[in-house]
1. State yes or no: is residue A:124 at pLDDT below 90 and either surrounded by 14 or more Cβ atoms within 10 Å (Cβ to Cβ) or closer than 24 Å to residue A:201 by Cβ (or both)?
2. Hey, among C:118, C:84, C:77, which residue is within 29 Å of residue B:289 (Cβ to Cβ), touching a helix residue (DSSP H, G or I) at 6+ places or on another chain (Cβ under 9 Å) and surrounded by fewer than 16 Cβ atoms within 10 Å (Cβ to Cβ)?
3. Of the numbered conditions (1) buried (at least 23 other Cβ atoms within 10 Å of the Cβ); (2) not in a loop (DSSP other than H, G, I, E, B), residue B:288 satisfies every one except a single condition; which is it?
4. Residue B:196 passes all but one of (1) closer than 19 Å to residue A:83 by Cα; (2) in a helix (DSSP H, G or I); (3) at the interface with another protein chain (Cβ under 7 Å from one of its Cβ atoms); which number fails?
5. Here are some residues: C:285, C:226, C:278. Which one is touching a helix residue (DSSP H, G or I) at 6+ places or on another chain (Cβ under 8 Å), modelled with pLDDT of 85 or more, more than 23 Å from residue C:8 (Cβ to Cβ) and surrounded by fewer than 24 Cβ atoms within 10 Å (Cβ to Cβ)?
6. Scan region A:146-160 residue by residue and report those that are part of a helix (DSSP H, G or I) and farther than 20 Å from residue A:78 by Cβ.
7. Do we have any residue at all in region B:314-321 that's part of a helix (DSSP H, G or I) and either within 14 Å of chain C (Cβ to nearest Cβ) or within 20 Å of residue C:115 (Cβ to Cβ) (or both)?
8. Would you mind stating whether residue A:167 is farther than 16 Å from residue A:195 by Cβ and either surrounded by 23 or more Cβ atoms within 10 Å (Cβ to Cβ) or within 11 Å of chain B (Cβ to nearest Cβ) (or both)?
């Protein structure tokens with residue numbers, strides 16, 4: 001039995017005339033934090049979106065726990081335990097922080113609709129149990145002071161934390177974080193990194209897309225470097241940073 | 001958001017009790033006629049609200065009301081079954097047909113549902129007007145639809161032939177409708193509906209099948225539309241295809257939007273307010289009335305999208321902010 | 001004799017088809033760029049018809065100038081609507097729903113406004129081209145022939161605009177991927193405004209074009225939006241070639257169908273066919289995804 005949680009084989013995506021991802025191969029080991037890096041337009045988010053089921057690859061396969069998932073739709077992939085966050089802040093703006101996380105946890109409830117409408121006793125006890133878990137998630141992410149605040153009224157850093165909280169509530173096995181540190185100041189970055197490390201310590205596997213190189217170096221055990229849709233290097237962050245091809249890709253991208 | 005309704009609940013209960021004892025103050029049939037129509041429209045507006053709550057606009061909502069109306073009328077008049085059987089059947093037929101449509105179209109993003117319901121509405125209107133005229137009555141429709149009656153032999157017998165009696169029947173059903181809507185709204189199911197309408201992508205990413213819930217919401221909404229239709233048919237006694245055409249959906253959209261989409265009592269408020277306004281004031285303006293409805297819809301959507309129901313909340317919000325400044 | 005009728009129907013089909021295509025092209029353009037299902041689109045057609053009624057009927061203007069005038073007037077009107085009604089809604093959540101509702105309200109305002117301003121009777125618009133032409137036994141009025149020719153010219157002009165001009169490319173880029181286009185420096189809000197204007201102008205031009213043939217009434221908008229929706233479903237939402245193909249197909253089905261069946265039957269058959277199509281191939285004939 002392979003220790004690979006996720007395997008990506010010959011993954012290719014074409015949008016019209018543009019080849020966004022070209023014959024990509026990599027795998028994620030259970031329990032690791034894998035970083036997906038590369039200059040803008042390298043295809044990182046496209047890969048992300050394909051794993052998450054937002055669109056199908058043009059060719060190639062994605063295998064998760066032995067099952068081929070590249071043709072599944074998003075909700076089914078999420079039900080299997082792959083939960084993603086979004087690059088642009090995506091929340092249920094008009095609902096409170098607590099409600100946001102409740103929605104995230106819904107699939108683990110197995111509530112019946114009838115029970116929900118008429119507030120039957122089994123539903124109420126299930127909801128009570130979930131409430132405890134939600135409280136612990138919110139505390140874990142440092143959001144306990146904001147239970148009743150509307151999501152749209154949170155500061156940017158808190159919003160990004162809420163997004164992660166929602167993802168955690170969905171009980172992920174593989175967590176896909178799309179630029180979780182975006183727009184954060186130094187202190188917020190440090191706090192988020194601590195969170196991510198703590199999440200890994202709970203046994204979850206993480207795939208991370210991120211531009212902040214210091215952050216990537218500090219928490220990722222392994223990184224994959226993409227450029228123009230192709231993998232140009234793979235390995236520990238320190239090793240990869242020395243690779244002249246990688247350096248050139250980033251410098252070239254800066255123009 | 002969860003604590004406030006207590007006060008509003010009391011207000012609404014007070015209004016309701018007042019309405020309950022209305023026949024003590026007046027026996028004028030005309031007044032009860034209007035109240036009955038308002039009640040039917042409230043049920044319909046609530047059904048429309050359910051579908052708006054999942055982020056979709058059902059242009060065939062009145063068509064489903066019409067399906068409920070025709071089925072109910074035909075079951076009573078052709079199959080000689082009582083209203084009390086016809087009405088639930090009508091609701092179920094409406095809900096089932098909407099399930100089929102929902103299943104076909106809600107799986108797609110974009111405007112498929114909107115377009116399809118438009119198509120469906122026209123198709124049904126054409127079918128009812130021109131085909132199977134022996135059954136549906138064609139353009140003139142069905143007439144002499146009987147009022148319901150209820151009798152337990154030996155105990156009592158009610159014929160809902162007077163408007164006052166029908167008024168109480170409708171009041172009970174409006175209460176039931178509001179009760180169900182409220183239960184859904186406060187339940188986790190309601191929360192999931194709202195989540196899907198606020199960010200479908202986020203909802204899907206947590207494993208929610210947006211399509212499944214949208215179809216469910218659609219079925220619930222159309223079921224209640226069928227209820228409204230059945231009541232309408234047996235109250236007014238005459239139904240024509242034109243009564244349930246797409247144009248008929250405009251006013252209810254206005255009611256819901258003005259009252260407040262997404263809230264339980266918004267449609268109630270909007271329907272009552274606009275229908276009263278229309279009957280007692282705007283009717284005199286003839287064509288201008290429809291123009292005014294359109295303008296109201298645009299204005300509210302543009303400047304007060306949460307509807308009239310949000311006024312108390314906003315007022316107390318502003319009041320709170322003002323008093324903090326002192 | 002039968003064959004002549006068929007040819008007659010065919011020519012009619014082309015004319016109707018072009019009409020529907022123009023309207024649907026406008027609708028698809030607006031939907032493709034802004035994601036709005038413009039329920040008020042039919043009213044633009046209706047207003048275009050009244051422009052023709054006034055310019056040709058009252059002021060005796062020639063046909064070509066009238067069409068140009070309709071394009072400009074309705075186009076500008078469309079841009080005004082976009083600026084004051086639809087653009088403010090894009091800043092808010094649930095944009096798709098609120099703009100649908102606003103469009104529904106707008107359609108009614110314009111329609112009722114027209115009833116109040118112009119009265120609810122049908123009005124005739126005099127033909128500019130009198131007389132008929134005989135093409136190999138098939139008789140067609142010069143008016144209809146001119147309509148077909150101008151219709152084709154308009155479609156070609158749109159095609160050239162979208163494919164060959166810089167603004168056209170910008171529009172296509174926004175239609176494909178709004179964010180990517182914005183990153184390339186395209187001003188999406190201006191493109192949206194322009195697209196709404198062009199889309200409305202297309203509908204307005206179709207209305208002006210058909211005015212002498214079908215006469216104008218304030219209620220035309222409601223009928224036309226239905227046809228436009230049918231075409232768009234048929235051809236595929238947001239697909240420009242689909243709108244053209246769908247329009248022609250619908251035009252043909254209707255004219256040939258009316259030779260054999262009653263009008264309600266044709267409607268019923270058309271609707272049912274399209275529903276079946278939606279079930280089998282939801283993207284329509286030429287839609288993607």
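1. On the way: at pLDDT below 90: yes; either surrounded by 14 or more Cβ atoms within 10 Å (Cβ to Cβ) or closer than 24 Å to residue A:201 by Cβ (or both): no.
The answer is no for residue A:124.
2. Details: C:118 fails: surrounded by fewer than 16 Cβ atoms within 10 Å (Cβ to Cβ); C:77 fails: surrounded by fewer than 16 Cβ atoms within 10 Å (Cβ to Cβ).
Just a single option satisfies the conditions, and that option is C:84.
3. Exception for residue B:288: condition (1).
4. (3)
5. Working: C:285 fails: modelled with pLDDT of 85 or more; C:278 fails: modelled with pLDDT of 85 or more.
On inspection, the qualifying residue turns out to be C:226.
6. Residues of region A:146-160 that are part of a helix (DSSP H, G or I), as a first pass: A:146, A:151-153, A:156-160.
Once the filter is applied, which keeps residues that are part of a helix (DSSP H, G or I) and farther than 20 Å from residue A:78 by Cβ, region A:146-160 yields A:146, A:152, A:153, A:156, A:157, A:158, A:159.
7. Kept after step one, since they are part of a helix (DSSP H, G or I), are these residues of region B:314-321: B:314-321.
Remaining after also requiring either within 14 Å of chain C (Cβ to nearest Cβ) or within 20 Å of residue C:115 (Cβ to Cβ) (or both): none.
No; the residues of region B:314-321 include none that is part of a helix (DSSP H, G or I) and either within 14 Å of chain C (Cβ to nearest Cβ) or within 20 Å of residue C:115 (Cβ to Cβ) (or both).
8. Values: farther than 16 Å from residue A:195 by Cβ: no; either surrounded by 23 or more Cβ atoms within 10 Å (Cβ to Cβ) or within 11 Å of chain B (Cβ to nearest Cβ) (or both): yes.
No, not satisfied.
The values are calculated or read from the model by the stated rules, or taken from the named source; none is laboratory data. These figures come from a predicted structure and were not determined experimentally. Using ideal geometry, Cβ is built from the backbone for each residue, glycine included, and neighbour counts are taken over all protein chains shown.
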